Amino acid sequence: MRLIRQGDRFVAQFSFVWEVSTLAEREEGWVPLFLPGHLEEPIGVIHSHTHEVRLADRQIVVLGTTRLPESLQ
């Protein structure tokens, strides 16, 4: 799944059918979202039935030593 910014919110873009079916099988409520390979700290939550996304207010980030791609400059 990818999170895509639409205006002032993020929406889930599902890559696989099983992602949608897994959420649908859960009780209605919030499910934690994690970065791949970083399961210690959730970055937000997704609602199992409405697919509303809420991201955490704060993120820990690190500065990279590589240059930004031209598309981001």
Practice item. Show the residue pairs that are 6+ apart or on different chains and have beta-carbon atoms under 9 Å apart, the first residue being within the stretch 1-14 and surrounded by 13 or more Cβ atoms within 10 Å (Cβ to Cβ), the second being small (Gly, Ala, Ser). Key: MET1/ALA12; MET1/SER15; LEU3/ALA12; LEU3/GLY44; PHE10/GLY44
Practice item. Specify the residue that is surrounded by the fewest Cβ atoms within 10 Å (Cβ to Cβ); the eligible residues are those in the stretch 15-34 that are part of a helix (DSSP H, G or I) and either touching a Cys at 6+ places or on another chain (Cβ under 6 Å) or among the polar types (S, T, N, Q) (or both). Key: SER21
Practice item. Output the residues belonging to the stretch 35-59 that are on the phi < 0 side of the Ramachandran plot, in a loop (DSSP other than H, G, I, E, B), at pLDDT 90 or above and not polar (S, T, N, Q). Key: HIS49
Review point. Of all the residues that make up the stretch 35-48, how many are of a type in the set (Ser, Thr, Tyr) and exposed (fewer than 14 other Cβ atoms within 10 Å of the Cβ)?
Key: 0
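The values are calculated or read from the model by the stated rules, or taken from the named source; none is laboratory data. All values reported here derive from a predicted model rather than from experimental measurement. Virtual Cβ from ideal backbone geometry, glycine too; neighbours counted across all protein chains shown.
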